[in-house]
Amino acid sequence: MQQTTQTLLPKKAIIESPVATDDIQLEVLKADPEIHQFPSMQTAAVGNFSSLQQQPQQQPSLTQAGSNAAQDATVLVNNDNSDWINKKWRPAMGWVYMLTCTVDFVLFPILWSILQALSKGNVTSQWQPLTLQGAGLYHIAMGAVLGIAAYGRTREKIEGASK
């Protein structure tokens, strides 16, 4: 005697997308000839898994290359680089370098002079830019980063236009 459970889903929805939540529903789905998700199970004796269990088990071989289940699988990843850091890091580097130069060569010298004039009444020493200390290594590094980034972006545009 098979136990059937009531469902709110119409039979058509069950046929299009059969889902069994327990063993009884699974057996009912396997026995239904209208459902084509179990073709190998319908040809075998339904409910009798002895024929399935008698098949020889293949032991995985560690020396055989490419014996895993995903050997011939194709994985499609939709990578549109929509992350903001992928699209905006080059302009962000340019803005950071421009802000650093503006602050170190324009804003800080003016504020340094105003501070000296207010405290001592006259300007006695000149502002020494922080980014020029250490032989200007900051400007050399930023020039290299921005130059390579601009070259890489140009290559990306050229390759994108040719595809």
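Derivation of every value follows stated rules applied to the coordinates shown; laboratory data play no part. Since the structure is predicted, the reported quantities are computational estimates derived from the model, not experimental observations. Quick reminder, even Gly has a Cβ in these numbers, built from the backbone with ideal geometry, and neighbours come from all protein chains shown.
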Original post:
Rounded to the nearest 0.05, what FRET efficiency do Arg153 and Thr131 have when you use their Cβ-Cβ distance and R0 = 22 Å?
Top reply: 0.35
Subject >> Label zone at Met93 (point 7 Å along Cα-to-Cβ), backbone N below 16 Å, region 136-153 >> reply: 138-153
**OP:** Just the Kirkwood number for region 114-163, please: inverse of mean 1/r across all distinct Cα pairs, in Å, one decimal.
**Re:** 14.6
Subject >> In Hz, Karplus ³J(HN,Hα) per residue of region 115-130 (6.51, -1.76, 1.60; θ = phi - 60°; x = Gly, Pro) >> reply: 4, 5, 5, 6, 8, 10, x, 8, 8, 10, 10, 8, 5, 10, x, 5
Original post:
Can you run phi through the Karplus equation (6.51, -1.76, 1.60; θ = phi - 60°) for region 99-105 and list ³J(HN,Hα) in whole Hz, with x for Gly and Pro?
Top reply: 5, 4, 5, 4, 5, 6, 9
